[in-house]
Structure formats: C-alpha cells, structure tokens
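> Sharing a structure with you now.
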Amino acid sequence: MMTKIVIIDDHQLFREGVKRILEFEETFEVVAEGDDGTEALALIEEHHPDVVIMDINMPGINGVEATKELIGKYPETKVIILSIHDDENYVSHALKSGATGYLLKEMDADALIEAVKVVSEGGSYLHPKVTHNLIAEFRRLANEDHNGKGFQQVEVRRPLHLLTRRECEVLQLLADGKSNRGIGEALYISEKTVKNHVSNILQKMNVNDRTQAVVTAIKKGWVEVR
C-alpha cells in the first residue's frame, strides 16, 4: 500500500533532497511539492496525501498555522514539521497545532524514512535530540516541589522482568537522545540490530513509538535522565 506524501518547503534544493531520499522507499510516493502554507492547503485538497512534510518557517502562512488549518479540514492527514529549532517551545507549538512528527533539518535519511513510516501508521515521531530536551524539561517540572527545588532521582531499576539486558541498554540510550546510528556506535552493533531491539522494546512495552517508550520508562524509573 503506497503512502502518498506532500513536501512543503520554500528552499527548493532542500525540498529536492528530501524527495530523493523518500523516493528510495518503494512504498512512498511524493505526489506534490509546494513553497508555502497557502500552497500546502491547495495541494492537500487536490491530492489528499497520507503525510505532509512541512517546514515550520515559511513566508505567508507558517508551518504551524498551516498545520492547524489543514488538520481542522483533513483530520486524517498526518503532518511532520521540519525545523532548525530544537527548543521545546517550538516543538510544543507544533504538536499543539496537530502535528504528529517533528524533525530537525540536521536529520539523516534513516530518521526521515522512519518518521514517515511511524506517523503514517498512527504513531508520533520526534527527532532524538528534541525528545531528549523535552524529556529533560518534563523531568524538571515533574520533580519540582512547592518551593521550586528539585528532588533527586530515585534509584534506577532496570526492567529486567520485561526486557533483556541489551534492550535495557538500548532503552537508556533512547532516553539519552541517541539516534539509531548513535546507539549502534555506543554498543558496537549494526543499525539493523538497533532497529530490531527498538521494535522489540516497543512491542514488549506496548507503546507505539520511541517517545512513548522513553516517557513511560522515566515515569517507572527504568532509565536515568542525565
């Protein structure tokens, strides 16, 4: 089953690069491209894509405003925001607008392809660096007492009743904000092996994506936030 994709970015060279990466996947089809948010709405109405990849900063209607409008009209369409900003305020605005993915433009090809696959299947995907920043902020807010002083993290208890030792190591590196490549380099294993471990972790934890896995692990004290 083909995943129909629309790319919206006002930098043509970047847009063409994204298109070339996506077209390596046999199940992906880039059905249209556009320069700004206004054009995005017209293209979505015409092509009814499954996934829209949209730059956050564009002339006229920006990515967040366009996302809010198109989700209101086409709630089944999934939006991945592209940005150079890893600040949690940008991410928060994007997610509140209805986006289910947030990628930094420093992404590698694997992250782009994985993000499209995850959101098209109903999950959410955040760039690993963004995930780490959000989780660190979540942890800070969750641990503040009434006087604004943070508590010390309780002792980490690895979920060896659920995951293997290697999967616990991978889960910790996910919480550290590592990409699949970064995890592979840290553990001296291939990216394919990392992907298999991540898939097993998601299945065993009964979550849809990496972000949910890490948030759940933090709440349960299974990983260290560092």
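The values are calculated or read from the model by the stated rules, or taken from the named source; none is laboratory data. Note that this is a predicted model, so its numbers are computed, not measured. In this analysis, Cβ positions are derived from the backbone assuming ideal geometry, glycine residues included, and neighbour counts consider all displayed protein chains. Heads up: the accessible areas ignore ligands, DNA and RNA and are worked out on the full protein's heavy atoms, side chains in. Shrake-Rupley method; radii C 1.70, N 1.55, O 1.52, S 1.80 Å.
> How much of Glu88 can a 1.4 Å solvent probe reach, expressed as accessible area in Å² and rounded to 10?
Roughly 60 Å² of Glu88 is accessible to a 1.4 Å probe.
> Just the number please: accessible area per residue for the stretch 23-143, 1.4 Å probe, all protein chains included, in Å².
46
> Right, here's the next one. Heavy atoms only, 1.4 Å probe, whole protein assembly: order Tyr125, Tyr188 by accessible area, highest first.
On the way: Tyr125 10, Tyr188 200 Å².
Highest to lowest solvent-accessible surface, that is Tyr188, Tyr125.
> Something else: Give the aspartates and glutamates reachable from Lys220 as a straight Cα distance under 12 Å; neighbours fewer than 8 places away on the same chain don't count.
Excluding near neighbours in sequence, the set is Glu155.
> Would you grab the residues whose amide H sits under 5 Å from the one on Ile8? Only those 5+ places off in sequence or on another chain, please, with H modelled 1.01 Å from N.
Correct list: Gly34, Ile53, Met54, Asp55.
> Determine the calculated [θ] at 222 nm for the chain from helices alone, applying -39500 (n - 2.57) to every DSSP H run no shorter than 4 residues and normalising by the residue count; nearest 500 deg cm²/dmol.
Result for the chain: -15500 deg cm²/dmol, rounded to the nearest 500.
> How large is ³J(HN,Hα), in whole Hz, for each residue of the stretch 83-88 in order, when computed from phi with the Karplus curve 6.51 cos²θ - 1.76 cosθ + 1.60 and θ = phi - 60°, using x for Gly and Pro?
These are the phi-based 3J(HN,Hα) values: 7, 9, 9, 9, 5, 4 Hz.
> Which entries in Lys178/Lys219; Lys178/Lys204; Lys73/Lys192; Lys4/Lys192 show an alpha-carbon gap greater than 28 Å?
Too far apart for the 28 Å limit: Lys73/Lys192.
> Return the carbon/sulfur percentage of the accessible area of the chain, one whole number, probe 1.4 Å, all protein chains in place.
Values: 5750 of 11950 Å².
That fraction is 48 percent.
> Now for a separate question. Among Gly17, Ser124, His197, whose Cα sits farthest toward the positive end of the charge dipole of the chain (+1 at Cβ of Lys/Arg, -1 at Cβ of Asp/Glu, about the Cα centre)?
It is His197.
> Search the structure for amide H atoms under 5 Å from the amide H of Tyr125, placed 1.01 Å from N in the peptide plane, and list their residues when 5 or more places away or on another chain.
Gly101, Tyr102
> Further, regarding this structure: Helix 12-22 versus the longest principal axis of the chain: what is the Cα-based angle in degrees, 0 to 90, to the nearest 10?
60
> What is the distance in Å between the Cα centres of the stretch 97-127 and the stretch 188-226?
16
> For the chain, build the convex hull from the C-alpha positions and give me its volume per residue in Å³. Don't jump to the answer; show the numbers that get you there.
Values: hull volume 29.4 nm³, N = 226.
About 130 Å³ per residue, rounded to a whole number.
> Each residue of the stretch 198-213 in turn: what ³J(HN,Hα) in whole Hz from Karplus with 6.51, -1.76, 1.60 and θ = phi - 60°, glycine and Pro shown as x?
Residue by residue, the stretch 198-213 yields 4, 4, 5, 4, 4, 5, 5, 8, 6, 10, 8, 8, 4, 4, 4, 4 Hz.
> HN-Hα J couplings of the stretch 62-67 from phi, Karplus 6.51/-1.76/1.60, θ = phi - 60°, integer Hz, Gly and Pro as x?
Karplus values, whole Hz, x for Gly and Pro: 7, x, 5, 5, 5, 4.
> Okay, moving on. Quick one: angle between helix 165-175 and the longest Cα principal axis of the chain, in degrees between 0 and 90, rounded to 10, please.
Long axis of 165-175 versus the principal axis of the chain: about 60 degrees.
> Also, quick follow-up: Charges at C-beta only: +1 for Lys and Arg, -1 for Asp and Glu. How large is the resulting dipole of the chain about its Cα centre, in Debye rounded to 20?
Numbers: 27 positive and 37 negative charges, 290 e Å.
Taking the Cα centre of the chain as origin, the dipole is about 1400 debye.
> Specify the residue with the greatest mean-square fluctuation among Asn208, Asn180, Asn196, computed from a Gaussian network of the chain linking alpha-carbon atoms under 10 Å apart.
Comparing Asn208, Asn180, Asn196 in the GNM, the peak value goes to Asn196.
> Starting from the Cα gyration tensor of the stretch 67-111, take the square roots of the eigenvalues, sort them a ≥ b ≥ c, and report rounded, prolate or oblate (rounded when a/c is under 1.5, otherwise prolate if a/b is larger than b/c, else oblate). Each step should come with its number before you reach the end.
Values: a/c = 3.17, a/b = 1.51, b/c = 2.10.
In terms of gyration-tensor shape, oblate.
> Tell me which residues come under 5 Å, amide H to amide H, from Lys78 once H is placed; ignore anything under 5 positions away on its chain.
Answer set, sorted by chain and number: Val51, Val52.
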